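See structure below.
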Amino acid sequence: MSSSPTEVGRTVEIAMPQMGISVAEGTIVEWRKRPGDRVEADEPVCDVSTDKVDVEIPAPRAGRLARIAVGPGETVAVGTVLAELDVGGDEPGGAEPGGNGHEPKANGDEPPAPAADRSRVYSPIVRRMAAEKHVDLDRVEGHGVGGRVRKADLVAFLESEPPTLVAQRDTSVGVDAGVGGGRAAGGLFGPTRREPMSPMRRQIAARMVESRRTAAHCTTVVEVDFGRVAARREELRPAMAARGVGLTYLAFVARATVTALQRHPILNASIEGEELVHHADVNLGIAVALDDGLIVPVIRQAQRLSLEGLAAAIGDLAARAREKRLQPDEVGGGTFTITNPGQFGTVLATPIINPPQVAILDLEAVVKRPVVVERDGEDALAIRPLSYLCMSWDHRALDGAEAARFLAELREDLEQGRWE
């Protein structure tokens, strides 16, 4: 993440950093400091959210925050000046009255103007924690800018008293009451309300709409017998678990996919304008579901990793994605994506391509089902662990025959044990 400061005299500018090659803008979630506050070098001054990752923006130097140029909730391009830091001495400097339109500095003995009321503006992290703990955020006292409820405020609230449910289910009727009807009707969800989309949700929406508008989406589906995979997984799991690696069906699919992509390089390509860009490496994106969105960290040069190496990389990236610990350069540059909604029990889907990639593979739930098999030359019923692999692909880059061949070979590799 590039955040080199621009220094003008006693003042250092803090700009929106470049957070990966595919990130063009970011949204200020919260300012941790106010004009006039002392800031140490590398101390976080604000939180920024993008469609890829949430990051803390550190102070490049020690000094005092002189001016805030971009307020919470505003989205600005990479390189935009967010704030100015006075590094010339201990006294506050550079914060002229009304100079930023967000938090004007006081003049002389005149009391400072009160901060804008942000007590009901919540960051994605605070909303997620509140939902997990069933906390009504109206009950939490905020100590952030403008009375904003910070993560620290919510943690303190949880430690001081047990959380309560926002609303209770009305058991006096046969169905959940009050959907759209408000608390007065005993509704499970409380009154009808509106709230802005989170920055991550807005970015995902924009990218997915653009993908549907641009790419010629088609979806091809094959059914795969995971019997051999299941057996091998049971053999390998204890040893890998002892080494701290969780072995999932997704790891087998990822390993077989990487091999198949090397035989079908068009599916590892991307579209830029009217050109097809063929990539030498398989940079494999793994979609990870978050409470407030979706993120796709990338395993670079996945073709160099073994089954265990891929399993370890998938587990590591997924854990750090959910803990908001990914680095910005870990969420860009993918050449092919795998998504795994089957972990939630789904059986069929038509995923949306992650541009500029030309395909995305969807792994559905592995479910035991009765199938007809040939035994001693005759048909017989058997119970097999089956799943669907659904691949959406861009008809601008390839045709149905190529997509079908790729999936057929991938299915055969998984069923015949060709993944190591």
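Overview of results
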quantity: Single match in GLY315, GLY345, GLY334 (criterion: within 21 Å of the chain's Cα centre (by Cα) and on the phi > 0 side of the Ramachandran plot); calculated: GLY345
quantity: Residue within the stretch 247-264 that is under 23 Å from SER211 (Cα atoms) and part of a loop (DSSP other than H, G, I, E, B) present; calculated: yes
quantity: Among (1) farther than 23 Å from SER211 by Cα; (2) assigned to a strand (DSSP E or B), the one test that TRP393 misses; calculated: (1)
quantity: Failed condition for ALA289, given (1) touching a Phe, Trp or Tyr at 6+ places or on another chain (Cβ under 9 Å); (2) in a helix (DSSP H, G or I); (3) surrounded by fewer than 17 Cβ atoms within 10 Å (Cβ to Cβ); calculated: (2)
quantity: Subset of the stretch 239-273 (residues that are loosely packed, with under 13 Cβ neighbours inside 10 Å and within 15 Å of ALA397 (Cα to Cα)); calculated: GLU272, GLY273
quantity: Residue count, the stretch 257-291 (criterion: under 18 Å from GLN343 (Cβ atoms) and in contact with a Lys or Arg (Cβ under 9 Å, 6 or more places away or on another chain)); calculated: 5
quantity: Lone unmet requirement of (1) of a type outside the set (Phe, Trp, Tyr); (2) under 22 Å from the mean Cα position of the chain (by Cα); (3) over 25 Å from GLY273 (Cβ atoms) for SER392; calculated: (3)
quantity: Matching residues, the stretch 371-396, being surrounded by fewer than 19 Cβ atoms within 10 Å (Cβ to Cβ) and more than 17 Å from VAL224 (Cα to Cα); calculated: ARG375, ASP376, GLY377, GLU378, ASP379, ALA380, HIS395, ARG396
quantity: Count of residues meeting criterion [assigned to a loop (DSSP other than H, G, I, E, B) and surrounded by fewer than 17 Cβ atoms within 10 Å (Cβ to Cβ)] in the stretch 72-85; calculated: 5
quantity: Selection within the stretch 333-369 - of a type in the set (Ser, Thr, Tyr), under 19 Å from HIS264 (Cα atoms) and not in a loop (DSSP other than H, G, I, E, B); calculated: THR337
quantity: Index of the failed condition, GLN327 passing every other in (1) modelled with pLDDT under 95; (2) under 14 Å from VAL288 (Cα atoms); calculated: (2)
quantity: Residue that is modelled with the highest pLDDT [pool: residues in the stretch 260-285 that are more than 17 Å from PRO355 (Cα to Cα) and of a type in the set (Gly, Ala, Ser)]; calculated: ALA260
quantity: Residue among ARG201, ARG194, ARG263, ARG213 that alone is farther than 30 Å from GLY73 by Cβ and of a type outside the set (A, V, I, L, M, F, W, C); calculated: ARG263
quantity: Sole residue being touching a helix residue (DSSP H, G or I) at 6+ places or on another chain (Cβ under 9 Å), part of a strand (DSSP E or B) and either among the hydrophobic types (A, V, I, L, M, F, W, C) or surrounded by fewer than 18 Cβ atoms within 10 Å (Cβ to Cβ) (or both), chosen from LEU276, LEU236; calculated: LEU276
quantity: Only listed residue being in contact (Cβ under 8 Å) with a residue 40 or more places away in the chain and under 23 Å from VAL296 (Cβ atoms), chosen from VAL221, VAL229; calculated: VAL221
quantity: Output for the stretch 44-67, where each listed residue is assigned to a strand (DSSP E or B) and more than 22 Å from ALA152 (Cα to Cα); calculated: GLY63, ARG64, ALA66, ARG67
quantity: The stretch 180-224, subset at pLDDT below 80, within 29 Å of the chain's Cα centre (by Cα) and in a loop (DSSP other than H, G, I, E, B), residue surrounded by the fewest Cβ atoms within 10 Å (Cβ to Cβ); calculated: GLY190
quantity: Tabulated pairs, the stretch 407-420, first in the same structural domain as ASP225 (by TED's automatic domain parsing), second surrounded by fewer than 14 Cβ atoms within 10 Å (Cβ to Cβ), C-beta under 7 angstrom, 6+ apart or interchain; calculated: GLU409/ARG263
quantity: Test: residue in the stretch 295-317 that is under 22 Å from ARG202 (Cα atoms), modelled with pLDDT under 95, of a type in the set (A, V, I, L, M) and assigned by TED's automatic domain parsing to the domain that holds ASP399; calculated: yes
quantity: Filter pass, ALA115 being in contact with a helix residue (DSSP H, G or I) (Cβ under 9 Å, 6 or more places away or on another chain), of a type outside the set (D, E, K, R), modelled with pLDDT under 90 and assigned by TED's automatic domain parsing to the domain that holds PHE157; calculated: no
quantity: Selection count where residues are hydrophobic (A, V, I, L, M, F, W, C), part of a helix (DSSP H, G or I) and free of Cβ contacts under 8 Å to residues at least 24 places away in the same chain, scope the stretch 127-141; calculated: 1
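Conditions (1) closer than 26 Å to ARG263 by Cα; (2) in contact with a His (Cβ under 7 Å, 6 or more places away or on another chain); (3) of a type outside the set (Lys, Arg), marked per residue:
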site	(1), (2), (3)
GLN303	yes, no, yes
ALA311	yes, no, yes
ARG320	no, no, no
PHE344	no, no, yes
ILE353	yes, yes, yes
GLN357	yes, no, yes
PRO370	no, no, yes
ALA401	yes, no, yes
PHE406	yes, yes, yes
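The values are calculated or read from the model by the stated rules, or taken from the named source; none is laboratory data. This structure is a prediction, so every number in the text was calculated from the model and none was measured. Counting neighbours? That spans all protein chains shown, and the Cβs are built from the backbone with ideal geometry, glycine included.
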